[in-house]
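Here is the structure we will look at.
Since every read-out is calculated from the coordinates, none of them should be taken as a lab result. As the structure is a prediction and not an experimental result, all values here were calculated from the model. Positions of Cβ are generated from backbone atoms using ideal geometry, with glycine treated the same way; all protein chains shown enter the neighbour counts.
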């Protein structure tokens, strides 16, 4: 038996204090779609997501509520877990950074680095952003983008990040796939033109007690980013399960939003260099969802809650919109008008309507059984050729992180077939007594619909299966010609009822 390819992908771990919004949902749905495509291609997949539960903001929120920080986290975590269930996210593991299995690995990493002389102690005075939970540079202070900045002077532990600056530059230049898209790669290379300082990786317990204790100094806890990034290796078994870790690491894909690129491309990479571990194959930074021209953010109060959309339009419509609308790497706009337009055009008029037409015509003229395909004309050949090439075109786009283009390719056959049925008019052929010709048209159109549904399954796992169930083809592959003539179609309700705008 051929050895399976492995595919290990991660989302960022989301801050437990946040209320899940469309930005969180987008990254996680995107990861889920990629994981499902890889599973359907026969790859062995490990998809990791989870929550970042330490740090100052969590401690402050718990104090404000008058509960211990752990209780606060336990009460907040279900918001994400339940939403991912509702969004049909099939992750393989869900990390919470308060779990012992993660904390023990963070401490093991710190101990290793400390013993190797990669961590040292020093007194530091600088501008500290409470909102970002980190010391910021003078340039960042002047930018005015950081809230709640104060001057702090304290003894802390530092990781020798600057030592790895040239090694990181060389690595990025030699590995063009490491940071994608290219604009983000150039951004990091630009950032690395300035001297790279060392990274403060501790916080005194006197100021912040909610974190993982340093194994070499009980008066300090670990800086939240040092703790969070380690999840990518702690969960696949670094220092705890050699065989499992050897199988999965390096990660194939860290999927992140562009706002956390520096922490991943610089902090994380240098940490891995210091630990002597290989770097992930690709860090892909996608764009932001904008409302109008403004970034969606909690402080601006313009956050779209995915639950509201699911309740109104269904999970699959939301998943489809997010995958079809954003060109990966660029920002995308979210407005209810854009959502409704795409829903009505793509899902109600094109995809849903094709199922209605096929099942209606086959029920009317062929007693509900899929007819046999007779002699193919040039019109059929054109559809068949598109359908035969479609699976490899979709795979190539998914492999290149062009999910939007893959969706366009799949919807291309749906639109093509709608136009083909309109032009070939099987109902007219029936009137002329050309039953075989009408059957050929309906078989070709229904088989194209089946292939589109199979390929859309990672994006719309519920609705695509509904279509395949109607066609008696739930476990079928996207190869042309697998639809069985004589299959009795099941009855169904409207797949995507049109949204009427008042």
Next on the checklist: Among 347-357, 108-118, how do they line up by average Cβ neighbours within 10 Å per residue, starting with the highest?
Outcome noted: 347-357, 108-118
Item to check | Between the stretch 65-118 and the stretch 242-264, the alpha-carbon center distance in angstrom | outcome: 16 Å
Checklist outcome for this item: Taking the alpha-carbon centre of each part, the distance from the stretch 378-449 to the stretch 467-491 in Å is 15 Å
Checklist entry - What's the angle, to the nearest 10 degrees (0 to 90), between helix 315-325's Cα axis and the longest principal axis of the chain? => result 80 degrees
Checklist entry - Relative to the longest principal axis of the chain, what angle (0 to 90°, nearest 10) does the C-alpha long axis of helix 435-456 take? => result 10 degrees
Checklist entry - Taking Cα centroids, how far is the stretch 327-370 from the stretch 168-218 in Å? => result 45 Å
Checklist entry - In degrees, nearest 10, range 0 to 90: what is the angle between the Cα axis of helix 165-174 and the longest Cα principal axis of the chain? => result 20 degrees
Checklist entry - Taking a ≥ b ≥ c as the square roots of the eigenvalues of the Cα gyration tensor of the stretch 335-470, is the shape rounded (a/c under 1.5), prolate (a/b larger than b/c) or oblate? => result prolate
Next on the checklist: Can you tell me what share of the DSSP beta bridges in the chain is antiparallel? A percent to the nearest 5 is fine.
Outcome noted: 55 percent
Checklist entry - What is the packing order of peptides 5-16, 162-173, 321-332, taking the mean over residues of other C-beta atoms within 10 Å and listing the highest first? => result 5-16, 321-332, 162-173
Next on the checklist: Can you tell me how the stretch 176-302 classifies by the Cα gyration tensor, rounded, prolate or oblate, using a/c under 1.5 as the rounded cut?
Outcome noted: oblate
Checklist entry - Sorted by average packing, counted as other Cβ atoms within 10 angstrom per residue and highest first, what order do 59-67, 273-281, 72-80 take? => result 72-80, 273-281, 59-67
Item to check | For the stretch 1-127: rounded, prolate or oblate by the Cα gyration tensor [a/c cutoff 1.5] | outcome: oblate
Next on the checklist: Could you work out [θ]222 nm for the chain from helices alone, using -39500 (n - 2.57) per DSSP H run of at least four and dividing by all its residues? Round to the nearest 500 deg cm²/dmol.
Outcome noted: -14500 deg cm²/dmol
